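Below: one structure, written as structure tokens.
The values are calculated or read from the model by the stated rules, or taken from the named source; none is laboratory data. What you see is a predicted model, and the numbers here were worked out from it, not measured in a lab. So basically every Cβ, Gly included, is an ideal-geometry build from the backbone, and we count neighbours across all protein chains shown.
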Amino acid sequence: MKLSFEGKGLKRSKAGAEVKVNIKINHKEETVMVMDKHSILILGKDGCKACEEAKDYLYQRFSDEAIVVYSKFKDLPVETRRSVTKQLKETAKESNKNVDITYPIIFIDGYVMFGFSRKFFEQ
């Protein structure tokens, strides 16, 4: 697959919230939207009160400035679950620390945190 970006296709909205990019894939031009926002992914599980609290709080607190997505870990495709598990294990190993992987698992702009504390976000 050939992928190329054309600089002349870059357009920023007045609010600065999105960028329009014209790309060519296999010689066919497509327009995609690139959001100029932070991203928050919350992975939860059934019966997890902290997961529900994190979902409600993060949607309410950051929905204007971030794309907030919630999913139960078990609802992810098998390959995605394997990939996430592998990456979390590698990250824990690289940090040379014993890391307890607890729910919710929250990814914020490439950083990961385990569990949820409202106080952490209100500091």
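Remarks
- Some residue of segment 39-62 being within 13 Å of the chain's Cα centre (by Cα) and farther than 17 Å from ARG118 by Cα: yes
- Leading residue by the ranking (surrounded by the fewest Cβ atoms within 10 Å (Cβ to Cβ)) among those in segment 37-47 that are in contact with a Ser or Thr (Cβ under 9 Å, 6 or more places away or on another chain) and of a type in the set (A, V, I, L, M, F, W, C): LEU41
- In segment 53-90, the qualifying residues are those that are within 17 Å of ILE42 (Cβ to Cβ), surrounded by fewer than 14 Cβ atoms within 10 Å (Cβ to Cβ) and among the β-branched types (Val, Ile, Thr), and the one that is modelled with the lowest pLDDT is ILE67.
- Pairs with Cβ under 9 Å, 6+ apart, first in segment 99-116 and without any contact (Cβ under 8 Å) to a residue 12 or more places away in the chain, second in a loop (DSSP other than H, G, I, E, B): MET113/PRO104
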